[in-house]
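Some notes on the structure that comes next.
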Amino acid sequence: MSEEKTHIVPYKTQVIVLFVLLILTGITVAVTRLEFGALNTLIAMLVAGIKATIVLAWYMHLKYEKRLLPMLVAGVVILFLLVLFVTFFDYSYR
Amino acid sequence: MESPTKPISYLDYKGEYKGILGWIFSTDHKRVGLLYLYTMLAFFSVGAILGLLMKIQLIAPGYTIMGPQTYNSLFTLHGIIMIFIIVVPGLPAVFGNFFLPIMIGAKDVAFPRINLLSWWLYAVGILIVLTSQFMGDGPPDTGWTFYAPYSFQTATNVLPAVFGAFVMGFSSILTGINFVVTIHRMRAPGMTWFKMPLFPWTLYGTAWIQILATPVIGITLLLIIAERTLGIGFFDPALGGDPILYQHLFWIYSHPAVYIMILPAMGVISEIIPVFSKKTIFGYKAIVLSTMAIAFVGYFVWGHHMFTSGMSGRALFAFSFLTFLVAIPSAIKVFNWVSTMHKGSLDLQTPFYWAVSFLFVFMIGGLTGLVLGSLATNVHLHDTHFVVAHFHFIVFGGTGFAFMGAVHYWFPKMFGRMYDANWANLGWGIFFIGFLALYLPMFYLGIMGMPRRYYDYLPEFHGGNIFSSLGAIVLIAGLMIIFINLVRSARHGTKISEKNPWGGTTLEWQVDTPPTLENFEEIPTITGKPYDYN
Ligand SMILES: [Cu+2]
């Protein structure tokens with residue numbers, strides 16, 4: 001029923017991903033020194049979101065999976081964002 | 001094992017351990033299901049007695065058998081037991097565990113050890129909750145909702161109750177993960193998604209809610225613990241927190257949790273009705289799609305519990321609208337069930353009685369839900385007995401009736417013995433009358449303005465309360481008949497080995513009675529649709 005294959009990611013890719021993550025961490029820190037007001041939070045969340053996506057895709061192998069798993073993960077993220085949206089819909093009009 | 005003639009049943013199988021250890025260390029999905037069943041039977045009895053005591057207190061105004069503090073802790077414990085120990089794990093943990101693998105043609109769930117672990121977490125969670133009753137500062141008195149700010153101000157033992165519910169949450173999540181993987185990976189060859197029976201379909205929708213909503217309550221309960229022990233100020237206005245944020249977080253889980261309770265119940269009804277109508281189910285795809293629609297839309301209606309809490313006007317409107325939307329897929333199902341019975345050759349047996357009475361009480365519960373989902377009427381009815389009546393019609397009437405139907409439907413398969421049908425029918429009749437007498441007057445009392453969670457009431461509510469309390473006694477009498485009949489029959493009932501006593505078409509009626517250790521000697525290949533009576 002199942003053709004299990006394990007995908008072996010070369011060290012080079014792993015190291016590149018690591019450095020990209022470190023650079024993004026640097027950006028997160030750097031941004032705190034600038035004053036954008038409420039936008040600061042937004043930028044921090046965006047960078048964190050990109051980092052999480054990279055970790056999921058490469059380190060957690062989602063990139064190498066068949067379509068089903070990435071779709072399920074995307075569905076969960078969308079649901080989470082919708083719940084956040086509905087909650088803050090209340091707060092922003094109070 | 002090496003007997004060439006007939007493999008032995010899961011009940012007679014001798015594994016590594018004997019006696020009770022053979023159960024609490026067994027990874028067989030059928031034994032795990034029965035472990036849940038026995039645990040629930042025990043705690044349901046406790047919860048029902050607590051409910052009866054409350055109704056006796058309310059039979060007359062003023063102090064009857066208890067004072068206000070006792071009453072507060074009774075309805076808290078009644079709620080915690082009935083919600084977290086009974087109806088949330090409920091049908092998936094008992095009948096999902098027992099029948100999901102069989103109905104999709106598998107030998108077990110995907111992760112049998114994790115399955116056993118989830119029962120253990122459940123049992124440990126129960127023990128932790130119980131300690132809250134016997135420690136220094138008295139049993140918790142917050143209600144099962146643990147609303148802030150009271151839950152971090154009361155001196156009673158809120159912490160163990162909250163932590164126990166937190167631990168039970170993990171049990172729920174693990175069951176959900178197990179079922180999703182099982183359904184994705186272990187369906188028998190030929191069983192495409194739309195050839196899967198409806199009970200597994202509802203378990204699938206439920207499992208996703210268990211995985212995605214339960215962490216929210218887990219974190220919320222941790223925040224309550226942090227608030228009580230460290231005084232951080234998430235929910236305390238004095239420290240800049242927001243009590244309404246607690247209500248948001250709590251209901252983001254607890255409304256979808258209602259669908260954790262009711263979806264599998266709808267699945268059970270979808271199994272019983274075609275079998276006892278001897279007719280193919282009407283609108284199979286509509287039932288499947290409405291199941292998934294309920295599971296999805298059910299995430300976005302939680303605000304209807306907070307209409308009087310001080311949300312913004314636009315949020316009120318949105319939540320009310322979304323709540324009305326959920327009524328559509330629910331009604332689609334009801335129409336499908338009724339259409340299935342239409343012109344069928346009805347076989348009036350105990351499971352069918354439960355299924356039909358489910359339709360009746362579920363309709364009342366659902367329609368009164370719309371009364372509460374409308375903004376204007378909600379303001380009048382919020383926190384009255386009307387709400388109590390509504391959710392007992394849904395949770396006890398809906399899930400409870402379906403659970404009883406499921407027990408009576410699958411009992412011969414599970415135990416290889418038959419219960420006494422006359423006693424079972426009598427028990428159903430008394431229970432049903434008691435149920436209506438108990439909860440119908442509460443609608444009236446609520447409309448007249450009797451608040452919930454009070455140990456006392458004004459003299460004008462006396463008549464309705466007498467009626468309701470007598471109903472509770474009748475209901476308990478019916479419950480005793482049902483339980484005694486089932487417990488006795490599980491040990492001494494007439495033995496049956498017939499594979500298909502009801503004439504069902506799903507896979508569990510093609511395996512041995514009771515099932516063998518691995519359910520199937522040979523995994524079947526599925527060619528047709530379920531519920532094919534042509
Ligand atoms: Cu709700």
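Taken together, the values in this text are just the output of simple stated rules run on the coordinates, not laboratory data. Quick caveat: nothing in here was measured; it's all calculated off a predicted structure. Here the Cβ is made from the backbone with ideal geometry for all residues, glycine too, and neighbour counts use every protein chain on show.
Quick look at the values:
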item: Likely footprinting exposure, B:523, B:252, fewest C-beta neighbours within 10 Å first; result: B:523, B:252
item: Alpha carbon Rg of the protein assembly as shown, scaled by the compact-globule rule 2.2 N^0.38 Å; result: 1.00
item: Crossing angle, helix A:68-92 versus chain A [Cα axis fit, 0-90 degrees, rounded to tens]; result: 10
item: For the stretch B:480-517 and the stretch B:96-137, distance of Cα centres in Å; result: 23
item: Volume of the Cα convex hull of chain B, divided per residue and given in Å³; result: 147
item: Extension reserve of the residue B:137-residue B:41 stretch, reckoned as 0.36 nm per residue once the Cα distance is removed; result: 31.7 nm
item: For chain B: relative contact order, % (alpha-carbon pairs under 8 angstrom, 6 or more apart); result: 18
item: Percentage of interatomic Cα-Cα distances in the stretch A:9-60 larger than 19 Å; result: 34
item: Near-label residues of the stretch B:450-488 by backbone N, under 19 Å of a point 7 Å along Cα→Cβ of residue B:420; result: B:476-488
item: Kyte-Doolittle at least 0.5, axis length at least 24 Å by Cα - qualifying DSSP helices, chain B; result: B:29-57, B:112-131, B:158-185, B:198-230, B:243-277, B:313-341, B:350-373, B:421-447, B:462-492
item: Per-residue Cβ neighbour rank within 10 angstrom, fewest leading, A:61, A:7, B:390, B:305; result: A:7, A:61, B:305, B:390
item: Difference of contour (0.36 nm per residue) and Cα-Cα distance, residue B:292 to residue B:242; result: 14.7 nm
item: MRE, 222 nm, helices only [DSSP H, n ≥ 4, -39500 (n - 2.57), over chain A, to nearest 500]; result: -23000 deg cm²/dmol
item: Alpha-carbon centroids, the stretch B:245-313 and the stretch A:23-61: separation in whole Å; result: 37
item: Theoretical FRET efficiency, 1/(1+(r/R0)^6), r = Cβ-Cβ of residue B:8 and residue B:462, R0 45 Å, to 0.05; result: 0.15
item: Relative exposure of B:180, B:258, judged by other C-beta atoms within 10 Å (fewest first); result: B:180, B:258
item: 222 nm mean residue ellipticity, helices alone, for chain B (DSSP H n ≥ 4; -39,500 (n - 2.57); rounded to 500); result: -21000 deg cm²/dmol
item: Förster-model FRET efficiency, 51 Å R0, residue A:35 and residue B:363, C-beta, rounded to 0.05; result: 0.30
item: Sites residue B:328 and residue A:74 - FRET efficiency at Förster radius 25 Å, r taken between beta-carbons, to 0.05; result: 0.40
item: Rg over Rh [alpha-carbon atoms, Kirkwood Rh] for the stretch B:455-534; result: 1.30
item: Under 30 Å from residue A:63, Cα to Cα: lysines that are on another chain or at least 8 residues apart; result: A:5, A:12, A:51
item: Modelled label reach - residue B:343, point 7 Å along Cα→Cβ, the stretch B:275-299 residues with backbone N closer than 16 Å; result: B:277-283
item: Those lysines that a straight Cα-Cα span of less than 20 Å connects to residue B:343, excepting residues fewer than 8 apart in one chain; result: B:278, B:279, B:333
item: Once exposed loop GluC sites (Glu not before Pro) are cut out (DSSP; at most 15 other Cβ, 10 Å), longest piece of chain B; result: B:17-497
item: Residue B:60 paired with residue B:226, simple spin-label distance in nm, labels 7 Å along Cα-to-beta-carbon; result: 5.1
item: Total charge dipole magnitude, the protein assembly as shown, about the Cα centre, Cβ charges on Lys, Arg, Asp, Glu only, Debye to nearest 20; result: 1020
item: Tilt relative to chain A, helix A:11-31 - C-alpha long axis, 0 to 90 degrees, to 10; result: 0
